[in-house]
Structure formats: structure tokens, C-alpha cells
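To start, the structure itself, in C-alpha cells.
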Amino acid sequence: MALLEILKYPHPLLKKRASAVGAADSSIKSLMEDMLETMYHNKGVGLAANQVGVDKRVIVLDAPKVEIDTEIAEGKPEGKEVERVILKLVNPEVAGVSGEIRYEEGCLSLPGITAYVKRDKNMVVKAQDEDGRNVEINASGLISIVLQHEIDHINGILFVDRLSRLRRELILRKFKKAMEAERVL
Ligand code: NI
């Protein structure tokens, strides 16, 4: 396994729709393992292949299975074991959505900034797993949010693109200032 470099905004690959994967083979499996390792290393909950410079419709996620309007809003439930969901998907497509949810999102390609984004509360995703089998996932809450964030990535969409123009410009100005300051220091 290897740690991969995460591309930062405004890298052009983050704005490009990623290419479909033919058949999942061993190179896709090892890409997924490297992506998961890179994601854990950077304390993320999801990652898309184009964020690590690979133009392929591949996403991974590892996030707690929680419903946003209950557990998260009231803080993590004490002592309660939260089930985690790990997904490694090829060519994921949204097959159905319902409901609405708002959550404060961040992104490893835009480190240091967060914003509330409106998402679908429940969704059905069709994809292939790492062995090329067709899978259908019914997701809600945080898993639904992370899936939408990562599917957006492979469609060339960043979470800031989901904000109003005014909020996006404000937040990107803040991000660029922070990146410039980091370079000076
Ligand atoms: Ni992201």
C-alpha cells in the first residue's frame, strides 16, 4: 500500500468529470486500498480517485452510520457503539433520492474550510464493487451525504459549488488566503 498525494483546489482534475472504469481488475483493487490508506492518514471519511490524480470513477468511504438530525446534532452518543460503513465503489450512479438534510462539510482538497451544504437525506446508489459485482446501496444520513460528496467529485463538482455564489466566493477567498499564508511561512 502507498500514501498518495491529494490534489488541492484549484487543480483542473478536480473540475473534470472522471472517466468510467471498464472492468474492475487488480489495479483498481490496489488503487482502492491506497485511497483508503491515504484517506485514513488525512483523517477523511471519503475520497474520490480524481482527488489523487487518477481519472477514474472510483470512490471509497469509511464513515459512521448515523442519522444527522439525531445523533450528530446532539453530539456523539456516550458509550454507544456506532456501526461503520466501508464502501469501495466503481462507476457509482445515483438511482433515487428522497428527503433533505443539511450538514457541515469539509474536503481534503480544500483543507481548513467547512460549510453547510444541502443534500438528499436518503439515496439509492448503483455501482460495482471491487470485484466487479453489481451492488445497490440504500444510504441515509451521514453515509448518504458522504456518497453524494464523493459522487460529486467524480463529476467534477466540489462542495463549494453547491453554495450560493456569494458564499462560495467568500469561502474560496478565505481558502486562498490561508494557502498563500502557508506558502509564505
Ligand atoms: Ni471532498
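A compact table of results
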item: Pair list, Cβ under 8 Å, 6 or more apart: the stretch 38-53 residue closer than 16 Å to A2 by Cα, other residue assigned to a strand (DSSP E or B) and of a type in the set (V, I, T); result: M39/V60; L47/I59; L47/V60; A48/V58; A48/I59; A49/V58; A49/I59
item: Some residue of the stretch 132-139 being farther than 15 Å from K65 by Cβ, surrounded by fewer than 19 Cβ atoms within 10 Å (Cβ to Cβ) and of a type in the set (D, E, K, R); result: yes
item: Qualifying residue in the stretch 84-93 (condition: modelled with pLDDT under 95 and either more than 16 Å from the ligand (Cβ to nearest atom) or surrounded by 15 or more Cβ atoms within 10 Å (Cβ to Cβ) (or both)); result: yes
item: Residues located in the stretch 130-162, provided they are within 14 Å of the ligand (Cβ to nearest atom), in contact with a strand residue (DSSP E or B) (Cβ under 6 Å, 6 or more places away or on another chain) and free of Cβ contacts under 8 Å to residues at least 60 places away in the same chain; result: Q148, F159, R162
item: Residue list for the stretch 42-77, filter: more than 15 Å from the ligand (Cβ to nearest atom), surrounded by fewer than 16 Cβ atoms within 10 Å (Cβ to Cβ) and modelled with pLDDT of 95 or more; result: D55
item: Flag for L13 being outside any loop (DSSP other than H, G, I, E, B), within 15 Å of V146 (Cβ to Cβ) and at pLDDT 95 or above; result: no
item: Leading residue by the ranking (nearest to the ligand (Cβ to nearest atom)) among those in the stretch 25-34 that are touching a residue at least 40 places away in the same chain (Cβ under 8 Å) and of a type in the set (A, V, I, L, M); result: M32
item: Candidate set from the stretch 151-185 (those that are in a loop (DSSP other than H, G, I, E, B) and on the phi < 0 side of the Ramachandran plot); member that is surrounded by the fewest Cβ atoms within 10 Å (Cβ to Cβ); result: L185
item: Residue count, the stretch 11-24 (criterion: more than 15 Å from the ligand (Cβ to nearest atom) and touching a residue at least 60 places away in the same chain (Cβ under 8 Å)); result: 5
item: Long-range neighbours under 9 Å by Cβ, at least six apart or interchain, first residue in contact (Cβ under 8 Å) with a residue 12 or more places away in the chain and closer than 21 Å to I157 by Cβ within the stretch 56-68, second among the aromatic types (F, W, Y) and in a strand (DSSP E or B); result: I68/Y103
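The values are calculated or read from the model by the stated rules, or taken from the named source; none is laboratory data. From a predicted model like this one, the values you see are computed outputs, not experimental measurements. Note that each Cβ is placed from the backbone with ideal geometry, even for glycine, and that neighbours are counted across all protein chains shown.
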